[in-house]
Each structure stands twice: as C-alpha cells, then as structure tokens.
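The values are calculated or read from the model by the stated rules, or taken from the named source; none is laboratory data. Since we're looking at a predicted model, the values are computed, not measured. Positions of Cβ are generated from backbone atoms using ideal geometry, with glycine treated the same way; all protein chains shown enter the neighbour counts. To get the accessible areas, we keep the full protein, side chains included, count just its heavy atoms, and leave off ligands, DNA and RNA. Shrake-Rupley method; radii C 1.70, N 1.55, O 1.52, S 1.80 Å.
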Amino acid sequence: MKTSEILGLNFFKYYVFFAFYCSTFSQNDSIIKSTYIKTFQDKISTRASIINTSNSFYIYDKESGDHYILEPNKTNYLGFSILFRSIEIDYGFSPNFLSENKDNKDSRLFTFNSRMFYNQWMQTIDFYNQKGFYFKDESNKVELPGVKSLKVGGSTSYIFNKNFSFRAIGFQNEWQIKSAGSFIPRLYYYYTKYKLEEDNINEKANTFNIAIAPSYYYNLAITKNILFSLGGSAGIGVNHSNNLGSENLTSALFEFTGRAVISYNSDSFFGGINSNIVILKHNVDKTTRQDDEITYLEFYIGYRFKAPKKWINFADNFNEKYGL
C-alpha cells in the first residue's frame, strides 16, 4: 500500500468525520450518560496501531465437495491518529520491514473503515480496493496479479441500551466503567465489483448484498482498568450476482459477524487488541456457494493529555451558539 494512497484515504476519513459532526460537535460527548460510562471530552487522544485487514472469497462446489480460496496478498500497515471529541485525523503507511509486506510486488490494498455516532444511532463505512490475489485449493497456490476487487458498503445500527458504550471499543474516547450489554439491530449493505485481467482475459462481475441482522454486544468491566467485549450477529437477506457464476442469480444471503476486544484504560494510557469478522454467504449459481469474508485485526496503544483551553472553549462556544 503506497503512502500516497493512505494519505488520500485518511484525508477522506477526516473529511467524513468533520462533515458528519459539524452539527453535533460535542452533543454526545458533553453528556454524562450515567455511572456506567466515563467520557474524555476535554482530552486529546493520540494512538499508534498495527492493522491487518482484507476481503477474501471462499468458493464451494456443492456437487464435487471441492473448495477454493481467492485471497488477497495481505498487507500490514502502521497507523497514527489524534482524536479530540468527535474529530479524528489519521496517518498511515505500510513499511517494508514488516514480514507480510516483503512479497507484495505489484499488489495494492486501499482500505477505509470508519464508525460514526449520532445519539444512539451508529453508522459504519467500509471501502476495500484490492489488487493481486492468490487462488488456492487443497494442493496448489497460484498467483493472480491481475485480479482486482472493489467493495463499498457498511451498516446502520441502533443501540438500545444507553448504558452500553460502543465508543469504548471503537474509539476509546469513552470507557465502560460498569458492565453492560445491548441489543443492536443492524442493516448491512455491500456492493462488490470483481475484475480479471490475465493473459488476454478481461472479465468483470459484481454482487450486491443487503441483510437485516439482530446482534448483541456485551462489555465486561473485569476491573476498573480492563475491559473485555464480545458480540456478534446472525442475519438474513438477499444477494444479486452478475456474471460471477454461470448465470446471473438472485439468492438468499446469510450474514454472520463477530467481534472480540480486550483493552486497558486509564486517564492517560490505553491500549488493546481489536478483532472483527464479517461473513456473507450466498450462491453464485445453482451448484456453487461463495463466502465473502472481511477480517480486521488491530493492536494499538495510546496516550491522552489535556486539550488546550482554546480548543475546549471553541467547542463549548460552538455548542452554545448553535444550541447543541
């Protein structure tokens, strides 16, 4: 992943966050929600992380029982961010000294993942642009540098329990000080485009997925400084595939999601491991099933310090002026 690509990605991420939160600069942060959640509204959070994320495809022939994997040439990258209330600025790059990056050749990974909040609503955005895959079966592994995939989509969710903090496991600008869980219904929607350019072959295909998924997440406050979070969902929906198998097909879609987080937090230092997986199962023709899998793994450490008084006054005056 080129540094210029990540710079463009993170500028876009900053723009999305700024545009979304201009009207709610600290509406959610300034509220002391309960004795269950601690906020850090007057702190600046700095964070460094190592991230591995990709979008792989698993293909199963239901007649023969054979299965195949179309897996991108994965890339690890280092990320750095600074967060004040709901404004976040990020920078990332993919160094060659990380072992998984040494054989990338002409491979490309351009990703964008974000999460935004408004009251009890949560919106996620995912973008994956990948080039360079391996095609694997039980005995062979073939490099396909001309295979590309592009995925864009996300989910819209509603968090029923106000005492449950998703920000504590996603942003770390809140902390779950007493254990709580919440039922979180979600609407998923993803569009994926595939392109094959190999040996005078130029083929394109695409899929569209939409699913409704009830989910439940629980934040377990093991101690006042250590949090373990676990949650998942199982949903059903519809997939439409064009040119992916032997025919265009509309079929049932099954969605499965899982997240596990272990984190440490104090007023100044924080860190942890954040893992997430999304699996979308559907047919591509009458005899073939595909599992569309998104994985995300992050190791992070961070430090908070007091925001300058000018920043705090600006945010407070902004809220007061616009009645937020």
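Within segment 178-217, how many residues turn out to be open to solvent by 90 Å² or more (accessible area, probe 1.4 Å), among the hydrophobic types (A, V, I, L, M, F, W, C) and within 15 Å of Asn242 (Cα to Cα)?
Matching residues across segment 178-217 total 1.
Limited to segment 145-168, what total is found for residues that are part of a strand (DSSP E or B) and buried (at least 17 other Cβ atoms within 10 Å of the Cβ)?
Residues that pass the stated criteria total 9.
For a quick check of your reading of the model, give me the residue pairs whose first member lies in segment 109-120 and is of a type outside the set (A, V, I, L, M, F, W, C), whose second is part of a loop (DSSP other than H, G, I, E, B) and modelled with pLDDT of 80 or more, with beta-carbon atoms closer than 6 Å and at least 6 apart or on different chains.
What qualifies is Gln120/Ile159.
I want to confirm something. Restricting to segment 118-131 and keeping residues that are in contact with a strand residue (DSSP E or B) (Cβ under 8 Å, 6 or more places away or on another chain) and farther than 16 Å from Thr192 by Cα, which single residue is surrounded by the most Cβ atoms within 10 Å (Cβ to Cβ)?
Restricting to residues being in contact with a strand residue (DSSP E or B) (Cβ under 8 Å, 6 or more places away or on another chain) and farther than 16 Å from Thr192 by Cα, the top hit is Met122.
Is it the case that Ala234 is over 30 Å from Phe160 (Cβ atoms), without any contact (Cβ under 8 Å) to a residue 40 or more places away in the chain, open to solvent by less than 70 Å² (accessible area, probe 1.4 Å) and not β-branched (Val, Ile, Thr)?
no
Criterion first (modelled with pLDDT of 90 or more and either open to solvent by 20 Å² or more (accessible area, probe 1.4 Å) or of a type in the set (Ser, Thr, Tyr) (or both)) does Phe318 satisfy it?
So Phe318 does not fit the description; no.
Which of the residues belonging to segment 193-207 are within 23 Å of Thr111 (Cβ to Cβ) and either among the aliphatic types (A, V, I, L, M) or modelled with pLDDT of 95 or more (or both)? Before the answer, list the steps.
Applying the first criterion (within 23 Å of Thr111 (Cβ to Cβ)) to segment 193-207 yields 193-197, 204-207.
Across segment 193-207, the qualifying residues are Leu196, Ala205.
Restricting attention to segment 271-302, and to residues there that are of a type in the set (Ser, Thr, Tyr) and surrounded by 15 or more Cβ atoms within 10 Å (Cβ to Cβ), which single residue is modelled with the lowest pLDDT?
First, pick out the residues of segment 271-302 that are of a type in the set (Ser, Thr, Tyr): 275, 287-288, 295-296, 300.
Then drop every residue that is not surrounded by 15 or more Cβ atoms within 10 Å (Cβ to Cβ), which leaves 275, 288, 295-296, 300.
Details: Ser275: 95, Thr288: 86, Thr295: 92, Tyr296: 89, Tyr300: 93.
Top of the filtered list is Thr288.
Residue under question is Glu63, and the condition is that it be acidic (Asp, Glu), open to solvent by 10 Å² or more (accessible area, probe 1.4 Å), in contact (Cβ under 8 Å) with a residue 12 or more places away in the chain and within 26 Å of Lys151 (Cα to Cα); does it hold?
no
In segment 271-288, which residues are more than 18 Å from the chain's Cα centre (by Cα) and polar (S, T, N, Q)?
Asn283, Thr287, Thr288
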